[in-house]
1. For region 148-171, which positions are more than 16 Å from Phe100 (Cβ to Cβ), within 12 Å of the chain's Cα centre (by Cα) and charged (D, E, K, R)?
2. Given the conditions (1) over 19 Å from Glu61 (Cα atoms); (2) basic (Lys, Arg); (3) not in a loop (DSSP other than H, G, I, E, B), and given that Arg156 satisfies all but one, which numbered condition is not satisfied?
3. Return the residues of region 28-60 that are in a loop (DSSP other than H, G, I, E, B) and either aliphatic (A, V, I, L, M) or loosely packed, with under 15 Cβ neighbours inside 10 Å (or both); say none if nothing qualifies.
4. Any idea how many residues of region 94-115 are buried (at least 16 other Cβ atoms within 10 Å of the Cβ) and in a loop (DSSP other than H, G, I, E, B)?
5. Would you mind stating whether Tyr124 is aromatic (Phe, Trp, Tyr) and either outside any loop (DSSP other than H, G, I, E, B) or loosely packed, with under 14 Cβ neighbours inside 10 Å (or both)?
6. Kindly provide the set of residues from region 148-160 that are surrounded by 15 or more Cβ atoms within 10 Å (Cβ to Cβ) and either within 21 Å of Thr134 (Cβ to Cβ) or charged (D, E, K, R) (or both), ordered by number.
7. Taking the stated definitions as given, is Ala89 more than 26 Å from Gln171 (Cα to Cα) and buried (at least 17 other Cβ atoms within 10 Å of the Cβ)?
Amino acid sequence: MIAMRAYWILPNREQSDDILASDGARILPLRDVLHPRLRPEGFSHGVPLELLEKCGPQRFEEILFAQRFPDWDEGRELFCISMPAGADASGRIVHLGLLFLLEPQERPGFELAYAALPEQDQPYAKALLHRMTTPEGGDRWAQSVRELSELGSGARPATNVELKRSSVRFQSLYKLDPRGLTRKPALRRRPAPALVLLILFAVVGAWLSVRACEGSYSLHRNRADCGARPAFQTGVLTWRFN
């Protein structure tokens, strides 16, 4: 059995060209883990600006942003979680990520090592793992990530929080509004076009069948009425024979 592949995506505090990653024991370039050519469209190794703007600096520590790409590479799945991890020397927000490369039917686990991470990044890694392994009723962000990780397999990529500016159409479970993170109402699935046509043909066929039966019944009734009527409508002739 192949062990789950999980990597930390380290905050780019130096704003260098190479983003670094860690498997918990060593540090290596992210491109060695996930080459740019293999990154799916819409993939983000940080929290989108849209969510940062909606939350504001006072709520940055609440944010957990997750993405799921179910059919990423030959049936394998890509799952990623990001959170703000402070700022660099210029005041720019940096992010800590957790990347999972999952085999079919595999789910992310959160009993992970982080001792190889830089010392300033370890508190953020510890906090992320704690939130994911210690469910708390008031932590809606962590709950949304868990629900996304347990979502049944599908063809569409998904995020835990709705994104309105993304060029990629993601399925999402929660939305962010002034009240905070709230569960989106379940949407009814639109029937497939083939199913719609099948239903339409069935309805039309049933209607034509009813019309045909009504026509047949009317014709039969008219004939019966004609047979029951007297031969002469203007009077009755009586012939007597001796």
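1. Residues satisfying the conditions are Arg156, Glu162, Arg169.
2. If we test Arg156 against (1) over 19 Å from Glu61 (Cα atoms); (2) basic (Lys, Arg); (3) not in a loop (DSSP other than H, G, I, E, B), just (3) comes out false.
3. Restricting attention to region 28-60, the residues satisfying the condition of being in a loop (DSSP other than H, G, I, E, B) are 34-35, 39-48, 56.
Within region 28-60, Leu34, His35, Pro40, Glu41, Val47, Gly56 qualify.
4. The total comes to 5.
5. Numbers: aromatic (Phe, Trp, Tyr): yes; either outside any loop (DSSP other than H, G, I, E, B) or loosely packed, with under 14 Cβ neighbours inside 10 Å (or both): yes.
Answer is yes for this residue.
6. Once the filter is applied, which keeps residues that are surrounded by 15 or more Cβ atoms within 10 Å (Cβ to Cβ) and either within 21 Å of Thr134 (Cβ to Cβ) or charged (D, E, K, R) (or both), region 148-160 yields Leu148, Ser149, Asn160.
7. no
Results for (1) over 26 Å from the mean Cα position of the chain (by Cα); (2) touching a residue at least 40 places away in the same chain (Cβ under 8 Å); (3) more than 20 Å from Leu163 (Cα to Cα), shown as yes or no for each residue.
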residue: Ile81; (1), (2), (3): no, yes, no
residue: Ala87; (1), (2), (3): yes, no, yes
residue: Phe100; (1), (2), (3): no, yes, yes
residue: Phe110; (1), (2), (3): no, no, yes
residue: Glu136; (1), (2), (3): no, no, yes
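The values are calculated or read from the model by the stated rules, or taken from the named source; none is laboratory data. Here the structure is a predicted model, which is why all the values come from computation and not from measurement. All Cβ positions, glycine included, derive from the backbone under ideal geometry; neighbour counts span all protein chains shown.
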